[in-house]
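What follows is a single structure, written as structure tokens, with notes after it.
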Amino acid sequence: MSTSPKSVVLLKHHLKALKLPTILSECEKVAARCAADNADHLTFLLRLCELELIEREQKAAQRRLKAARFPTAKLLDEFDFSARPSVNKPLVLDLVRGDYMTRRENVLLVGPSGTGKTHLATALGMAACAQGKRVRFWRVTELITMLREADQERQLLRLRSHLTKLDLLILDEFGYVPTSKAGAELLFDVIATAYERSSVILTTNLPFENWTEILGNERLTGAALDRLTHRCHILETSGESYRLQDAKRRRRQETKP
Ligand code: ADP
Ligand code: MG
């Protein structure tokens with residue numbers, strides 16, 4: 001016996017009220033398929049619930065990606081490990097599984113410009129989003145500007161409470177620009193808070209011994225390094241810039257007879 005059109009309308013109304021949009025849009029198709037397969041009622045319900053859950057999870061993952069504000073999407077699959085032998089590939093493949101976040105460990109990516117630090121940091125961050133983690137990517141200078149503005153507008157508490165809800169903070173490009181005293185203190189505060197409750201991925205072109213040049217204060221630098229390196233994995237991306245390598249490779253190919 002088929003359902004009356006009136007019942008279908010009523011059902012859709014209820015599904016809308018219950019906020020089950022996927023079940024609403026799919027129920028008739030799935031019902032027809034289940035009828036064709038001779039599937040029982042519970043199987044029908046199971047299939048619908050699965051669809052709703054998958055759709056919800058995908059939407060949530062998209063929202064997390066958007067909220068993380070990665071400058072460009074980068075995947076680990078696109079990273080050519082053979083071009084960067086200094087990078088510990090087994091470690092990266094282990095990190096991408098995300099267990100380091102449960103242990104509140106940090107990842108420091110150290111190396112010259114153009115060697116794939118931002119690429120790796122983004123790839124790890126995107127993987128974390130897919131695993132349901134709350135992530136936010138900042139260039140260090142951007143974060144400091146934001147902190148200083150929030151401080152001036154008496155919004156610092158709000159920004160801090162947002163930061164404490166994150167599972168992973170990505171601080172990109174530490175060391176390109178020296179920070180002011182106030183900026184260094186605000187940045188330190190973020191690092192110290194993250195140390196208590198989340199993971200940090202930090203990329204830098206500066207060896208640790210030069211960090212004082214950026215933070216301008218030996219004591220603060222020591223305290224920041226102490227926290228960042230307490231539980232941390234270090235990835236070194238030494239060598240020549242990838243773009244330069246790539247350009248040279250292409251030129252060699254072009255000049256081949
Ligand atoms: P960094 O942050 O160290 O300055 P980036 O991660 O921004 O370097 O890398 C510069 C560009 O080169 C990016 O477009 C990045 O995707 C690419 N790149 C760097 N290293 C690799 C690599 N090993 N394999 C593929 N692409 C790479
Ligand atoms: Mg970079």
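Odds and ends about this structure:
- In loop segments of segment 201-257 as defined by DSSP, there are no chymotrypsin sites (Phe, Trp or Tyr not before Pro) with at most 14 further C-beta atoms inside 10 Å of their C-beta.
- Linear extension gain, residue 56 paired with residue 37, 0.36 nm per residue minus alpha-carbon span: 4.2 nm
- Counting only the Cα atoms, segment 76-125 fills a convex hull of 78 Å³ per residue.
- At q = 0.11, 0.13, 0.24 Å⁻¹, base-10 log of I(q)/I(0) for segment 80-171 (Debye sum, equal scatterers on each alpha carbon): -0.39, -0.52, -1.27
- Sparse packing (at most 15 other Cβ atoms within 10 Å of the Cβ) combined with a DSSP loop state is found for the following trypsin sites (Lys or Arg not before Pro) in segment 79-169: 97, 103, 154, 165.
- Cα-based helix-to-principal-axis angle, 140-152 vs the chain, degrees rounded to 10: 80 degrees
- Within the chain, the longest segment free of exposed loop sites, counting GluC sites (Glu not before Pro) that fall outside DSSP classes H, G, I, E and B and have at most 14 other Cβ atoms within 10 Å, spans 1-152.
- Whole-Hz ³J(HN,Hα) from phi, Karplus 6.51 cos²θ - 1.76 cosθ + 1.60, for segment 48-60, glycine and proline x: 5, 4, 4, 4, 4, 5, 4, 4, 4, 4, 5, 4, 5
- Solvent-accessible surface of segment 191-251, taken per residue with a 1.4 Å probe and all protein chains present: 54 Å².
- Under the combined filter of DSSP loop state and at most 13 neighbouring Cβ atoms within 10 Å, segment 1-92 retains these trypsin sites (Lys or Arg not before Pro): 19, 69.
- By the Cα gyration tensor, the chain has an equivalent ellipsoid whose semi-axes, rounded to whole angstrom, run 46, 26, 15 from largest to smallest.
- In segment 112-257, Cα pairs under 8 Å separated by at least six residues give a relative contact order of 31 percent.
- With every protein chain in place, the chain: carbon and sulfur % of accessible area (1.4 Å): 54 percent
- Segment 128-207-segment 31-77 distance, computed between alpha-carbon centres (Å): 32 Å
- Evaluated at q = 0.12 Å⁻¹: base-10 log I(q)/I(0), Debye formula over Cα of segment 131-193: -0.28
- Net charge contributed by nearby residues that have their C-beta within less than 11 Å of residue 207 (K/R +1, D/E -1): -3
- Unsatisfied cross-links (Cα-Cα over 20 Å) in the set 59/117; 74/165; 19/59; 16/59: 59/117; 74/165
- Cα-based helix-to-principal-axis angle, 181-197 vs the chain, degrees rounded to 10: 50 degrees
- When shorter helices are ignored and each DSSP H run of at least 4 residues is given -39500 (n - 2.57), the per-residue value for the chain at 222 nm works out to -19000 deg cm²/dmol.
- Accessible surface for segment 67-122, divided over its residues, is 48 Å² per residue with a 1.4 Å probe.
The values are calculated or read from the model by the stated rules, or taken from the named source; none is laboratory data. Everything numeric in this text was worked out from a predicted model, so none of it was measured. Heads up, the Cβs are rebuilt from the backbone with ideal geometry, glycines too, and the neighbour counts pull from every protein chain shown. Note: areas computed on protein heavy atoms with side chains; ligands, DNA, RNA excluded. Shrake-Rupley method; radii C 1.70, N 1.55, O 1.52, S 1.80 Å.
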